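S.K.: Dropping the structure in here first, questions after.
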Amino acid sequence: INEYEPAQGILSHTDGPAYDATTATISLGAGSVLLHFTHRKDSHQVLLEGGSLVVFEDQAYSFYKHSISELAGEIEHASDACRNADAGTAVVRDRRISITIRHKKHYH
């Protein structure tokens, strides 16, 4: 469970090999954010609104890094790469709580 202030971001990362290649994140609170997925020159955005669930797995988990931009203010805009909102859509950020669910691999 993580809590983020409106302008706070998350550095670009993968969740790593210690987990099975599936991550589920539930976003709570009134704010929305754009989750960025990048791999080489390919990039996508996904709008996460309060109460949303995003699940990414396989190649999205293993090859794409994901991040949330740090902002100077509390509003960002969706780009042409956004998968579930029109380009230019204003995304108003507020305090956000996320619950991330991963399955840790067990080695015998």
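S.K.: Which condition breaks for residue 103 when tested against (1) of a type outside the set (Asp, Glu); (2) assigned to a strand (DSSP E or B); (3) open to solvent by less than 80 Å² (accessible area, probe 1.4 Å)?
M.R.: Checking residue 103 against (1) of a type outside the set (Asp, Glu); (2) assigned to a strand (DSSP E or B); (3) open to solvent by less than 80 Å² (accessible area, probe 1.4 Å), the one that fails is (3).
S.K.: How many of the residues in segment 49-74 are in a strand (DSSP E or B) and open to solvent by 40 Å² or more (accessible area, probe 1.4 Å)?
M.R.: Of the residues in that region, 4 qualify.
S.K.: Test residue 21 against the criterion of being among the small types (Gly, Ala, Ser), over 19 Å from residue 10 (Cα atoms), free of Cβ contacts under 8 Å to residues at least 60 places away in the same chain and in contact with a helix residue (DSSP H, G or I) (Cβ under 9 Å, 6 or more places away or on another chain), and give yes or no.
M.R.: yes
S.K.: Okay, next question. Any idea which residue in segment 41-69 is farthest from residue 86 (Cα to Cα), counting only those that are free of Cβ contacts under 8 Å to residues at least 24 places away in the same chain and in contact with a Phe, Trp or Tyr (Cβ under 9 Å, 6 or more places away or on another chain)?
M.R.: Restricting to residues being free of Cβ contacts under 8 Å to residues at least 24 places away in the same chain and in contact with a Phe, Trp or Tyr (Cβ under 9 Å, 6 or more places away or on another chain), the top hit is 60.
S.K.: Might you check whether a residue that is touching a residue at least 40 places away in the same chain (Cβ under 8 Å), β-branched (Val, Ile, Thr) and out of contact with any helix residue (DSSP H, G or I) (no Cβ under 8 Å at 6 or more places or on another chain) occurs anywhere in segment 72-87?
M.R.: no
S.K.: Residue 91 passes all but one of (1) more than 13 Å from the chain's Cα centre (by Cα); (2) open to solvent by 50 Å² or more (accessible area, probe 1.4 Å); which number fails?
M.R.: Tallying (1) more than 13 Å from the chain's Cα centre (by Cα); (2) open to solvent by 50 Å² or more (accessible area, probe 1.4 Å), residue 91 fails exactly one: (2).
S.K.: Tell me yes or no: at least one residue of segment 77-88 is part of a strand (DSSP E or B), modelled with pLDDT of 90 or more and open to solvent by 60 Å² or more (accessible area, probe 1.4 Å).
M.R.: yes
S.K.: Can you confirm whether residue 94 is in a loop (DSSP other than H, G, I, E, B) and in contact (Cβ under 8 Å) with a residue 12 or more places away in the chain?
M.R.: Taking the combined requirement at face value, the residue satisfies it.
S.K.: With respect to residue 31, determine if the residue is over 27 Å from residue 90 (Cβ atoms), among the small types (Gly, Ala, Ser) and modelled with pLDDT under 95.
M.R.: Considered against the rule, which asks whether it is over 27 Å from residue 90 (Cβ atoms), among the small types (Gly, Ala, Ser) and modelled with pLDDT under 95, residue 31 comes out as no.
S.K.: I'd like the residue in segment 24-48 that is part of a strand (DSSP E or B) and among the polar types (S, T, N, Q) and, out of all such residues, is surrounded by the fewest Cβ atoms within 10 Å (Cβ to Cβ).
M.R.: Within segment 24-48, the match that is surrounded by the fewest Cβ atoms within 10 Å (Cβ to Cβ) is 43.
The values are calculated or read from the model by the stated rules, or taken from the named source; none is laboratory data. All values reported here derive from a predicted model rather than from experimental measurement. No Cβ is skipped: glycine too gets one built from the backbone with ideal geometry, and neighbour counts run over all protein chains shown. Heads up: the accessible areas ignore ligands, DNA and RNA and are worked out on the full protein's heavy atoms, side chains in. Shrake-Rupley method; radii C 1.70, N 1.55, O 1.52, S 1.80 Å.
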